[in-house]
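Each remark here refers to the structure printed beneath this line.
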């Protein structure tokens, strides 16, 4: 029995590193604001302040139940992570560390104009553990999908239901 592989925007580029590419409605400055401003970022990923300078503190305040009105599954409540900005080239590039279960991972957001749209290339590095990678892949897929929905002015897709399905698909593909 052959398995159908569904193309997804997140790929494993090397052990512990995932890459996402998603074309978003522009303009560039609007997408940048949704990445860097807490009130806008809270609608698709998490709230929390970014001290926008190299070496500046990053606070990531997650509450995924607020993204689409779904309740958190048991054991998956709100949490806070921290990090530090490692690269900053407004409004095109932001990189920061992200403390994840005692280890510093690193996320890079790169924006490139494509006419009226913006290509978001997101790379998340230093992910430890085979079980973590498909969860992160599914997380970035659904989070940036919600961002795309918001930028298009449509109701955001459900977070938890979508995440569970995508994480399972990514795990099967790995």
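The values are calculated or read from the model by the stated rules, or taken from the named source; none is laboratory data. Keep in mind it's a predicted model, so treat the numbers as computed, not measured. All Cβ positions, even for glycine, are placed from backbone atoms using ideal geometry, and neighbour counts span all protein chains on display.
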Check your understanding: Does any residue of region 125-146 turn out to be touching a helix residue (DSSP H, G or I) at 6+ places or on another chain (Cβ under 9 Å), surrounded by 15 or more Cβ atoms within 10 Å (Cβ to Cβ) and assigned to a loop (DSSP other than H, G, I, E, B)?
Key -> yes
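Check 80, 107 and return the single one that is assigned to a strand (DSSP E or B) and either at pLDDT below 95 or closer than 14 Å to residue 9 by Cβ (or both). Give the steps one after another, and end with the answer.
Details: 107 fails: either at pLDDT below 95 or closer than 14 Å to residue 9 by Cβ (or both).
Result of the check over 80, 107: 80.
If you check residue 54 against the conditions, is it free of Cβ contacts under 8 Å to residues at least 40 places away in the same chain, in contact with a strand residue (DSSP E or B) (Cβ under 6 Å, 6 or more places away or on another chain) and part of a loop (DSSP other than H, G, I, E, B)? First the steps, then the outcome.
Working: free of Cβ contacts under 8 Å to residues at least 40 places away in the same chain: yes; in contact with a strand residue (DSSP E or B) (Cβ under 6 Å, 6 or more places away or on another chain): yes; part of a loop (DSSP other than H, G, I, E, B): yes.
When the stated conditions are applied, residue 54 passes them.
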Review point. Taking the stated definitions as given, is residue 88 in a strand (DSSP E or B), closer than 22 Å to residue 159 by Cβ and free of Cβ contacts under 8 Å to residues at least 40 places away in the same chain?
Key: no
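Does residue 167 satisfy the criteria of being surrounded by fewer than 20 Cβ atoms within 10 Å (Cβ to Cβ) and either within 12 Å of the chain's Cα centre (by Cα) or assigned to a helix (DSSP H, G or I) (or both)?
Values: surrounded by fewer than 20 Cβ atoms within 10 Å (Cβ to Cβ): no; either within 12 Å of the chain's Cα centre (by Cα) or assigned to a helix (DSSP H, G or I) (or both): yes.
When the stated conditions are applied, residue 167 does not pass them.
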Point to revise | Complete set of residues in region 150-161 that are surrounded by 15 or more Cβ atoms within 10 Å (Cβ to Cβ) and either touching a strand residue (DSSP E or B) at 6+ places or on another chain (Cβ under 9 Å) or free of Cβ contacts under 8 Å to residues at least 24 places away in the same chain (or both) | key: 151
